[in-house]
Amino acid sequence: MGEIVLKNINKTFGNTKVLENLNLKINDGEFAVLVGASGCGKTTLLRIIAGIGPATSGELYIDGEEVSDLAPGKRNIAMVFQNYAIYPNMTVKGNIEFGLKNNHVPKAERERLIAEVAESVGLTEYLKRKPNALSGGQRQRVALARAMVKNPKVFLMDEPLSNLDAKLRVAMRSELIELHNKLKTTFVYVTHDQVEAMSMADTIILMNKGVIQQQASPEEIYDDPNNIFTAQFIGTPSMNVLPLKNDCHVGYRPEKVVLTTEEKQKPEAVYREKARIVTREMLGSETLYKVLITSGDHQNQTVMVKSLEDAFKEEQNVWVNVTQENLYFFDHKELRIRETDRAEAYAACVKCLKGEEP
Ligand SMILES: Nc1ncnc2c1ncn2[C@@H]1O[C@H](COP(=O)(O)OP(=O)(O)O)[C@@H](O)[C@H]1O
Ligand SMILES: [Mg+2]
């Protein structure tokens, strides 16, 4: 078990409010990824859960039990840090064993646990080595093994892959997904990298300046963002967001644009403007175009287009087409206007876009 509930959590450092009235629920066994820009309060939140940096006010529950004042060692939580904090003078085995010795686990039991954990993270052959004779990925696995051997009900991980090179990071991502599938323990994983969040999470918790913007599955947060911040944080390149005359905004993802050479090719497109290709980046399986809009209300603004079509050339005149189902509307507070719950405001935005009177 490892359900985590935070209620009305506040955290201030001196006069600086870092977390304000934060409410959050992470289900037992979930792979939750807390994502947000550097400085938004992710580590602060993780430290509150771990009990190593208590909240200024608010309540924390683990499996329904209030643990706000419980000592970190009694919470049955393990934390893995960015710089892994493994002991350089100890062997891999010594590192894994350290916490067990501290907890007075008998020798035979220690041996059994170490063998089991080393096997599950692929370190069996390296138990006698010192950390300086390991690769970055192997060191990261030592840190994981050391956390796992305590058999915690919650794993907290603070940017654990950020010291690894890009290729290894991608490999470790799928290792962590596998590990989570095997352990079925609650993971709370912190990262500033939205790709990491999208690839690993059951649930993404997106934070900005200490405030949760949205908590949802990767699919939902991508397809159905609540506000402009979320819409533009998730996905690369960012969603194109442009102003409308009625103080609202229209948004569309670069990959949902269809470029055509003639106006009539996509009659179903609600958003259709003349444009010119400014730059073209061939990325292999897809091509990224920076496009200057040359007609309508968005004239002289540039948008990004991601296309499987690589035939367009710089300076070429084209049409940008987006169908209505791929358009997003946001109000003057940058909150999403969904057709399902704000039909009138939605209709007004569509009219505005078509140049009709609202
Ligand atoms: N011990 C501290 N004293 C003062 N300010 C702090 C302390 N720890 C963190 N902060 C501030 O709190 C904010 C959030 O920090 P942090 O939680 O580390 O962000 P993140 O992990 O998302 O990068 C930052 O503005 C940081 O400067
Ligand atoms: Mg941090």
TODO: Would you point out which residue out of Arg129, Arg47, Arg110, Arg139 is within 16 Å of ligand 1 (Cβ to nearest atom), of a type outside the set (Val, Ile, Thr) and assigned by TED's automatic domain parsing to the domain that holds Tyr222?
DONE: Arg47
Open item on the list: Which of the strands (runs of 3 or more DSSP E) found entirely inside the stretch 244-330 contain at least 2 residues meeting this: touching a strand residue (DSSP E or B) at 6+ places or on another chain (Cβ under 8 Å), within 21 Å of Lys351 (Cα to Cα) and not hydroxyl-bearing (Ser, Thr, Tyr)?
Closed with: 249-252, 271-282, 317-322, 328-330
Open item on the list: Checking the conditions here, which among Gly73, Gly58, Gly53 is modelled with pLDDT of 95 or more and within 30 Å of the chain's Cα centre (by Cα)?
Closed with: Gly58
Task: Leading residue by the ranking (surrounded by the most Cβ atoms within 10 Å (Cβ to Cβ)) among those in the stretch 210-237 that are within 16 Å of ligand 1 (Cβ to nearest atom), part of a strand (DSSP E or B) and among the hydrophobic types (A, V, I, L, M, F, W, C) - done: Ile212
- [ ] Starting from the stretch 145-173, keep only residues that are in the same structural domain as Phe98 (by TED's automatic domain parsing) and touching a residue at least 60 places away in the same chain (Cβ under 8 Å), then list their pairs with residues that are within 16 Å of ligand 1 (Cβ to nearest atom) and part of a helix (DSSP H, G or I) whose Cβ atoms are within a distance under 8 Å, requiring at least 6 positions of separation or different chains.
- [x] Val154/Ile49; Leu156/Leu46; Leu156/Ile49; Leu156/Ala50; Asp158/Lys42; Asp158/Thr43; Asp158/Leu46
- [ ] Filter the stretch 46-70 for residues that are under 15 Å from Lys150 (Cβ atoms) and assigned to a loop (DSSP other than H, G, I, E, B) and give the result.
- [x] Gly51
Task: Residue match in the stretch 274-295 (condition: over 30 Å from the mean Cα position of the chain (by Cα) and acidic (Asp, Glu)) - done: no
- [ ] Return the only residue of Thr191, Thr186, Thr124 being buried (at least 17 other Cβ atoms within 10 Å of the Cβ) and either within 16 Å of ligand 2 (Cβ to nearest atom) or farther than 27 Å from Lys74 by Cβ (or both).
- [x] Thr191
Task: Qualifying residue in the stretch 152-167 (condition: touching a helix residue (DSSP H, G or I) at 6+ places or on another chain (Cβ under 8 Å), over 24 Å from Gly94 (Cβ atoms) and basic (Lys, Arg)) - done: no
Open item on the list: Whether any residue in the stretch 183-202 is of a type in the set (Asp, Glu), touching a residue at least 40 places away in the same chain (Cβ under 8 Å) and touching a Leu at 6+ places or on another chain (Cβ under 9 Å) is what I want to check.
Closed with: yes
TODO: Can you give me the number of residues within the stretch 54-98 that are buried (at least 16 other Cβ atoms within 10 Å of the Cβ) and of a type in the set (Gly, Ala, Ser)?
DONE: 5
- [ ] Give the residues of the stretch 50-90 that are within 30 Å of Ala133 (Cβ to Cβ), out of contact with any Ser or Thr (no Cβ under 7 Å at 6 or more places or on another chain) and within 12 Å of ligand 1 (Cβ to nearest atom), sorted by residue number.
- [x] Phe81
Task: Selection status of Leu46, buried (at least 21 other Cβ atoms within 10 Å of the Cβ), in contact with a helix residue (DSSP H, G or I) (Cβ under 6 Å, 6 or more places away or on another chain), under 16 Å from Ile204 (Cβ atoms) and touching a residue at least 60 places away in the same chain (Cβ under 8 Å) - done: no
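Taking the stretch 43-76 as the search range and keeping residues that are of a type in the set (S, T, N, Q) and closer than 30 Å to Gly235 by Cβ, which one is nearest to ligand 2 (Cβ to nearest atom)?
Checked the stretch 43-76; the qualifying residue nearest to ligand 2 (Cβ to nearest atom) is Thr43.
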TODO: Give the residue that is farthest from the chain's Cα centre (by Cα), with candidates limited to residues of the stretch 28-42 that are outside any loop (DSSP other than H, G, I, E, B) and more than 9 Å from ligand 2 (Cβ to nearest atom).
DONE: Phe31
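The values are calculated or read from the model by the stated rules, or taken from the named source; none is laboratory data. Keep in mind the model is a prediction, meaning the values are calculated, not measured. Cβ sites come from the backbone with ideal geometry, for glycine too, and all protein chains shown count toward neighbours.
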